[in-house]
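Note sheet for the following structure.
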Amino acid sequence: ILDEVETLDKKYEIHTVRIHTIVACELACTYCSVANTRRIASGSTKPSIVNLSTGALGENLLAIKKQVPGCMTIYDSSDEAWLGRGRAMEYLDVLERIKPIMDEGLPLGMRWLIQCRTNDLDEEIIDRAARVGVKHITIGVESAVEQIRKDIKKPQREELIQNVARWCTARGVDAYMLFIAFLPSISIEQLHEA
């Protein structure tokens, strides 16, 4: 079934399947998204980050619930959704505030799938996320080898990666960690270690 969900700034086509699960890629509920515009004034060629206000985030999520009432799961697939601890906490504030409405009519409540970076997580964030209904966190670890992570400028600490897996498991949250097996600077020994 193809439904259209109209949010504050765009209309999104949402594919709903028989079990009424909704998977929304780069949904307007994304708290932060990469804009196509460039920061001309600063001379930077990097894409700008455009943040939705917490009010806009809440309104977009409530619009989905209203327009697709059988929706049980929302997947925010932008890896900038929780870019930084402060933004993650604000995002969770919104989910906590709208929880009674989003959970209405759903025996298990609304289930959230979030994508983020390891370094933006700590135990408090994962605990709050689990309590509000986050059931899956996709994390870009990139490599099991610490030196490779440094080389590609993804310097997640080994201890943090292991802790994130432990914290998620203890709270019933699936920690889906993305790894790239082969990278230009990896040696055979490091690949074996990975």
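Where helices (runs of 4 or more DSSP H) fall entirely within the range 98-194, those with at least 2 residues that are within 21 Å of the chain's Cα centre (by Cα) are at 123-132, 158-170.
Put simply, of Ala144, Ala130 the only residue that is closer than 15 Å to Gly172 by Cα and open to solvent by 10 Å² or more (accessible area, probe 1.4 Å) is Ala130. Scanning the range 98-122 for residues that are surrounded by 14 or more Cβ atoms within 10 Å (Cβ to Cβ) and of a type outside the set (A, V, I, L, M) yields Lys99, Asp103, Gly109, Arg111, Trp112, Gln115, Cys116, Arg117, Thr118, Asn119, Asp120, Asp122. Cβ-Cβ contacts under 9 Å between residues 6 or more apart (or on different chains), taken from a first residue in the range 151-179 that is under 16 Å from Gln115 (Cβ atoms) to a second residue that is aromatic (Phe, Trp, Tyr), are listed as Val173/Trp167; Ala175/Trp167. In the range 74-93 there is at least one residue that is in contact (Cβ under 8 Å) with a residue 60 or more places away in the chain and touching a Lys or Arg at 6+ places or on another chain (Cβ under 7 Å).
The values are calculated or read from the model by the stated rules, or taken from the named source; none is laboratory data. Fair warning: this is a prediction, and the values are worked out from it, not measured in the lab. Counting neighbours? That spans all protein chains shown, and the Cβs are built from the backbone with ideal geometry, glycine included. Accessible surface areas use protein heavy atoms only, side chains included; no ligands, DNA or RNA. Shrake-Rupley method; radii C 1.70, N 1.55, O 1.52, S 1.80 Å.
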